[in-house]
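Engineer: Let me give you the structure first, and then I'll get to my questions.
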Amino acid sequence: MATLAVGIDVGTSSVKAVALKRTGSGYALKSVGQADIRRAEYHPEESPQSLAEAPLRALERISQDSAFSRKPCAFSVSGPRVAPRLFKFPSIPKGEVEQAIRFEAEQIIPFDLAQAALDFVLFDEGMEEGKPVIEGLVVAVHKEEVDKQYVLLKSGGFDPVVLDIDTLALSNSFLETEGVAERETVALINIGARFTNLAILHGGRRVFVRDIASGGDMLSRAISEIYGLDLPQAEKRKREAVYTPLDELEGGGGGDAGADMGDGTQAGGDTEGFGGGETESFQPVDEGGEEYVLLDSDETAFNTGSDTMTDGAGSTGGDEGFAASGETQNAMNAAQRISANRAVLVDALGDLISEIQDTFKYYINRRIVPRIDKVRLCGGTAKFPDIDEFFASQLGVPTQLWNPFARLDVSGVSGKFPPNFLDELGPLMAIATGLAMRQL
Ligand SMILES: Nc1ncnc2c1ncn2[C@@H]1O[C@H](COP(=O)(O)OP(=O)(O)OP(=O)(O)O)[C@@H](O)[C@H]1O
Ligand SMILES: [Mg+2]
């Protein structure tokens, strides 16, 4: 059976690692690792040297797991120095294909061609209007981008041998686990800290891939502005589910409920494969407490509550003396929280939504896809409460959070973690999972 690479996704805010093995029907999870990267914006207390070394330290923590250490790995790059382009041209003699693809690449490279590493894949030959066409994908990556990660991975205890790009790893991860029906179109949206990776798949084909410079950092900035918090506090509040009644904020600088984010050390941190230290927590935050926002929020409560509860603005009833029952009060609190979280989403991700809308429109208007049937969200920022409902309403497309681990056999590792831990972690691991499916 073919040997698989281990998948290492070096993001801005954390490193994610996945090791899989093939089973008769799919894949089994052999090991998983995740380690935070401390960043200057959120950890101003750290020395410049420690911040510069933070990605390496995160990799070193992960490579303590023997499932990853020194193993051949697949890694990926993303961002403005990665230029993917899907191409289609009439069938031409084999010997001319490479030159034609090079020409395609030259059209899109936003940097000097001499600085680019080029690669391409050809899809199965298709037919259009009765004539054979050649379809495929060419990717140009700035060499510095590749070298930087290569050196980092080597120093961190890995053996980088397969290069990919985030959006393709994301697509593979989905195609190999969920799959896409023949006439179905799915948009995958992986929202990280700095970047959002967007991939549109139609019936198993990759139709469009792109990175957009927007992500969780925008949410932290919006929270910082809306709530008057500094960035480290805003990032902390975001991961705890954001909402705090305004009076608490005014009264006591945030009234942090419970969860310990101060030193980055969390439940699950010492579990094997997670390298201890700054491992992220994915435990539900303070269930039942003030900070917890239900994910499956009640749309009705949101609609009726939002007008009456948002900071006194636009009160519908004007019932100053209204005495709410316990139940009504709870519904009102939930509505207030959802409304507060939505305000943050609108402020932070409005531009991202517009970019995605424009892309959808472009592909539908040019009849490349008939419609977008569903959106699947993943990445760390997809854990923000109510974000699925927000995307669904903004894009007009059914949207759900996607956990790639849901379709893997996790029985070999699940006992090492607290209950639900892998379900909570899964949405962050989509790219690492796709990388871990690459054959050596
Ligand atoms: N529970 C949570 N609620 C909201 N946001 C969260 C939560 N947990 C993590 N995040 C955010 O998710 C982002 C990290 O996600 P992810 O690990 O997918 O990004 P990354 O790969 O490190 O970054 P990028 O791909 O942009 O370089 C951060 O902005 C972080 O604040
Ligand atoms: Mg990422």
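The values are calculated or read from the model by the stated rules, or taken from the named source; none is laboratory data. The structure displayed is predicted, hence computed values, not measured ones. Quick reminder, even Gly has a Cβ in these numbers, built from the backbone with ideal geometry, and neighbours come from all protein chains shown.
Engineer: So, P110, is that one part of a strand (DSSP E or B), surrounded by fewer than 21 Cβ atoms within 10 Å (Cβ to Cβ), in contact (Cβ under 8 Å) with a residue 24 or more places away in the chain and more than 16 Å from ligand 2 (Cβ to nearest atom) or not?
Structural biologist: no
Engineer: Ok, one more. Suppose we keep only residues that are β-branched (V, I, T) and touching a strand residue (DSSP E or B) at 6+ places or on another chain (Cβ under 6 Å) within the range 181-230. Which one would you say is nearest to ligand 1 (Cβ to nearest atom)? Write out each step before concluding.
Structural biologist: Going through the range 181-230, the residues β-branched (V, I, T) turn out to be 185-186, 189, 191, 196, 200, 207, 209, 212, 223, 226.
Still in the list and also touching a strand residue (DSSP E or B) at 6+ places or on another chain (Cβ under 6 Å): 185-186, 189, 196, 200, 207, 209, 212.
On the way: T185: 24, V186: 19, I189: 11, T196: 8, I200: 19, V207: 22, V209: 14, I212: 10 Å.
Taking the candidates together, the pick is T196.
Engineer: Kindly indicate the residue of the range 395-432 that is surrounded by 19 or more Cβ atoms within 10 Å (Cβ to Cβ) and polar (S, T, N, Q) and also nearest to ligand 1 (Cβ to nearest atom) among those meeting that condition.
Structural biologist: Once the filter is applied, the top-ranked residue is N403.
Engineer: While we're looking at this one, here's another question. Under the condition of being at pLDDT below 85 and out of contact with any Leu (no Cβ under 9 Å at 6 or more places or on another chain), which residue from the range 115-131 is surrounded by the most Cβ atoms within 10 Å (Cβ to Cβ)?
Structural biologist: So, considering only residues that are at pLDDT below 85 and out of contact with any Leu (no Cβ under 9 Å at 6 or more places or on another chain), the one surrounded by the most Cβ atoms within 10 Å (Cβ to Cβ) is G126.
Engineer: State which residue is nearest to the chain's Cα centre (by Cα) when the search covers only the range 1-12 and only residues that are more than 8 Å from ligand 2 (Cβ to nearest atom) and under 17 Å from P55 (Cβ atoms).
Structural biologist: Checking each candidate, the answer is V10.
Engineer: I've got another one for you. Identify, from the list A105, A83, A140, A74, the residue that is of a type in the set (G, A, S), closer than 27 Å to N190 by Cα and more than 23 Å from the chain's Cα centre (by Cα).
Structural biologist: When all the criteria are applied, what remains is A105.
Engineer: Tell me which of these I134 doesn't satisfy, since it passes every other one: (1) buried (at least 16 other Cβ atoms within 10 Å of the Cβ); (2) touching a residue at least 40 places away in the same chain (Cβ under 8 Å); (3) under 26 Å from N190 (Cβ atoms).
Structural biologist: Evaluating I134 over (1) buried (at least 16 other Cβ atoms within 10 Å of the Cβ); (2) touching a residue at least 40 places away in the same chain (Cβ under 8 Å); (3) under 26 Å from N190 (Cβ atoms) leaves (3) as the failure.
Engineer: Here's a follow-up. Only one of (1) small (G, A, S); (2) modelled with pLDDT of 90 or more; (3) not in a helix (DSSP H, G or I) fails for S50. Which number is that?
Structural biologist: For S50, the failing item is (3).
Engineer: Kindly evaluate I134 against the criterion of being of a type in the set (A, V, I, L, M, F, W, C) and within 16 Å of ligand 2 (Cβ to nearest atom).
Structural biologist: No: the conditions fail for I134.
Engineer: Out of L153, L118, which single residue is in contact with a Cys (Cβ under 8 Å, 6 or more places away or on another chain) and under 30 Å from S14 (Cβ atoms)?
Structural biologist: The match here is L153.
Engineer: I've got another one for you. Can we say V138 is among the β-branched types (V, I, T), touching a Phe, Trp or Tyr at 6+ places or on another chain (Cβ under 9 Å) and within 26 Å of S91 (Cβ to Cβ)?
Structural biologist: Criteria met by V138.
Engineer: A follow-up question, please. Take V397 and tell me if it is of a type in the set (V, I, T) and assigned to a loop (DSSP other than H, G, I, E, B). Quick ask: steps written out before the conclusion?
Structural biologist: Working: of a type in the set (V, I, T): yes; assigned to a loop (DSSP other than H, G, I, E, B): yes.
When the stated conditions are applied, V397 passes them.
Engineer: Hey, does the range 364-372 have a residue that's at pLDDT 95 or above and in contact with a Leu (Cβ under 8 Å, 6 or more places away or on another chain)?
Structural biologist: The answer is yes; a qualifying residue exists.
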